[in-house]
1. Tell me yes or no: at least one residue of region A:181-190 is buried (at least 18 other Cβ atoms within 10 Å of the Cβ) and touching a residue at least 60 places away in the same chain (Cβ under 8 Å).
2. Looking only at region B:91-128, count every residue that is assigned to a helix (DSSP H, G or I), among the small types (Gly, Ala, Ser) and modelled with pLDDT of 95 or more and tell me the total.
3. With respect to B:Arg283, determine if the residue is within 10 Å of chain A (Cβ to nearest Cβ), part of a loop (DSSP other than H, G, I, E, B) and charged (D, E, K, R).
4. Could you list, in sequence order, all residues of region B:159-195 that are within 19 Å of B:Phe16 (Cα to Cα) and open to solvent by 60 Å² or more (accessible area, probe 1.4 Å)?
5. Looking for whichever is on the phi < 0 side of the Ramachandran plot and surrounded by 15 or more Cβ atoms within 10 Å (Cβ to Cβ) here; the options are A:Lys243, A:Lys218. Which one fits?
6. Condition first: out of contact with any His (no Cβ under 8 Å at 6 or more places or on another chain), within 14 Å of chain B (Cβ to nearest Cβ) and not hydroxyl-bearing (Ser, Thr, Tyr). Now tell me which residues in region A:89-112 satisfy that.
7. Among the residues of region B:34-43, are any without any contact (Cβ under 8 Å) to a residue 24 or more places away in the chain, open to solvent by 70 Å² or more (accessible area, probe 1.4 Å) and outside any strand (DSSP E or B)?
8. Within region B:1-32, restricting attention to residues that are outside any helix (DSSP H, G or I) and of a type in the set (Gly, Ala, Ser), which residue is surrounded by the fewest Cβ atoms within 10 Å (Cβ to Cβ)?
Amino acid sequence: MSENIYRPYLMRIAHIVDEAPGIKTFRLTFQDEEAGARFRFKAGQFGLYSVFGQGESTFCIASSPTRSGYLECTFRTMGRVTTALADCDVGDIIGFRGPYGNTFPIETWEGKSILFIAGGIALPPLRCVIWNVLDLRERFKDVSIIYGARSVADLVYKHELEEWHARGDVRVITTVDPGGETPDWSGEIGFVPTVVEQIAPSSADTVALVCGPPIMIKFTLPVLEKLRFAKNMTYTTLENRMKCGIGKCGRCNVGKVFVCKDGPVFTLEELEELPEEY
Amino acid sequence: MIEQKRMSTTSLEALFQRYKTAGWWILAPRAEGDITTFGEVDSPGDVAAGLIQTTLSPKSAVLPIWEELFRFRRGESGIEVVEAAESSVPTIIFGLRPCDARAFAALDAVFTWDSQDEPYLARRNKVAFVSIACNQADDYCFCTSTGGGPGDTAGSDLLLTGVGDEYLVEVVTERGVELAGIAGELFGPAEGMDKAAHLASVPVRFDLDRLRQVLPKTFDREELWIDQSLRCLGCGACAYVCPTCVCFDIQDEATRHGGARVRCWDSCGFSLFTLHTSGHNPREVQSHRWRQRVMHKFAYMPERLQVLGCVGCGRCSRACPVDMNLAEHLAVIAESGE
């Protein structure tokens, strides 16, 4: 008898970070250490996280595959499951099944520059790639991160943004929406697409990764096009409601493309082939 | 080559007893209140007679309307996960129609797409199909438009066709050989029997090749989909009676001491089906949801899984409270040009 694919790993919450109002990051370790040692994933993949008795919820793996022994996820308290997750303490046991979905082809980017553009709660799917790239830093040329949120308080991974900035080998630009700044804010003020346009990052031999709310993506992609970023070198991730994560429950498809199996990572070139169903 | 045998209709009683003695559970069409469905029977006398088609399909034998994927308990040492108890027994589905027998190929394709769905396969591997060919059809039947037919053997282990007071028995699969072997003395040689004259006539209602050609190009034709779905209530009845609809939900049902993660039927016709927590809904109007239903069965499944998501049983159209007729809708799409 083969394994029940719906049976999750039991994960212990090892560490909790309050990132921003309503947003937390969990570090999860495998209760079954052997299972944890066997577990492999790649940047871009996602999983279903569950609170027993409340149900499952889908989000990306926010930690890098270069850091083994644990998984991290970052979520906003929105519905039944994320509210239950937010009620958990260090030491509590939650469920995780995965990894599911395709991956960012990081190995094909060696020697290129990498530009990350993220807005709000969409930094977590890129954080996985950021750490993956930084842990192999010598293999890439310039690395830049442009990250914006509504307000200073809403920025996630505040300490890591400082850490990346302090490294010296990463260009980090943070911005907040007009009115979201504090008196001591030293970053940019403006919406992400505007900031990208002002900074005008070079598209020469550069891979761009864009994750954010639909409205941010909608206005950022034309800017990147103007800056001559290649459509097959511009990546984003899609999210649709999922129940199974493995192409069976029937709800995440965008036309004939299943976000859970064919995605969640898509190039802009692929995205343009998809019907508007996401 | 499909082996053919003959069996007297009066031998059914003995056949049932033989199967039961061999440890098989028999599900067959039964009347339950106002509807007919597949339920456990002891003898042929329990089987609802004279039906063109049951209200509900036999799908629930392999994909129950509600099932536990596993159970969990909250104990002193934390959470303990326990597999749901193995509940399926070897089951013969008797008296299903050829369209229903073909439907399992569509379910199999989804549940074995890359990852093997163990809860489904545990049941599926224990099910055998003894179908009865159709000697009557109604205006809703359209099996012949989806590659099937009233005497089609695909998907059946044994197919019985009523010929006078006898059955022509076709032994279709290895499992069929086993099922015929259990009661070998009930069968005789089939020389001189011809089933063709005893089958219902089901007209072709749309051109499947033409539909397959046109459909993928209709995604953005909003007016077509609005026109098709204007009276759709989004009630989901079509999905619940469908033998090939697999879309499901996963939920936890529990007390603070423990409970189960359960899988239950769902429908792409429901507005909540794709609703994001943010309030955004990728299929926000009923026309988009109807489009998904048609596209999934007739465009996405054939392309991605090499199987059509419809067998033309006509149940969705019989059950629809506002009389939407799938075959008619498909004919309109097929003839709508590109």
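The values are calculated or read from the model by the stated rules, or taken from the named source; none is laboratory data. None of the values given here were measured: they were computed from a predicted structure. Counting neighbours? That spans all protein chains shown, and the Cβs are built from the backbone with ideal geometry, glycine included. Surface areas here come from the heavy atoms of the whole protein model, side chains and all, with no ligands, DNA or RNA. Shrake-Rupley method; radii C 1.70, N 1.55, O 1.52, S 1.80 Å.
1. For region A:181-190, residues buried (at least 18 other Cβ atoms within 10 Å of the Cβ) and touching a residue at least 60 places away in the same chain (Cβ under 8 Å): absent.
2. 5
3. yes
4. Of everything in region B:159-195, those that are within 19 Å of B:Phe16 (Cα to Cα) and open to solvent by 60 Å² or more (accessible area, probe 1.4 Å) turn out to be B:Asp165, B:Arg175, B:Val177, B:Glu178, B:Glu185.
5. A:Lys243 is the lone residue from the list that is on the phi < 0 side of the Ramachandran plot and surrounded by 15 or more Cβ atoms within 10 Å (Cβ to Cβ).
6. Matches in region A:89-112: A:Asp89, A:Gly91, A:Asp92, A:Ile93, A:Ile94, A:Gly95, A:Phe96, A:Arg97, A:Gly98, A:Pro99, A:Gly101, A:Asn102.
7. Yes: region B:34-43 contains one or more residues that are without any contact (Cβ under 8 Å) to a residue 24 or more places away in the chain, open to solvent by 70 Å² or more (accessible area, probe 1.4 Å) and outside any strand (DSSP E or B).
8. If we take residues in region B:1-32 being outside any helix (DSSP H, G or I) and of a type in the set (Gly, Ala, Ser), then B:Gly23 is surrounded by the fewest Cβ atoms within 10 Å (Cβ to Cβ).
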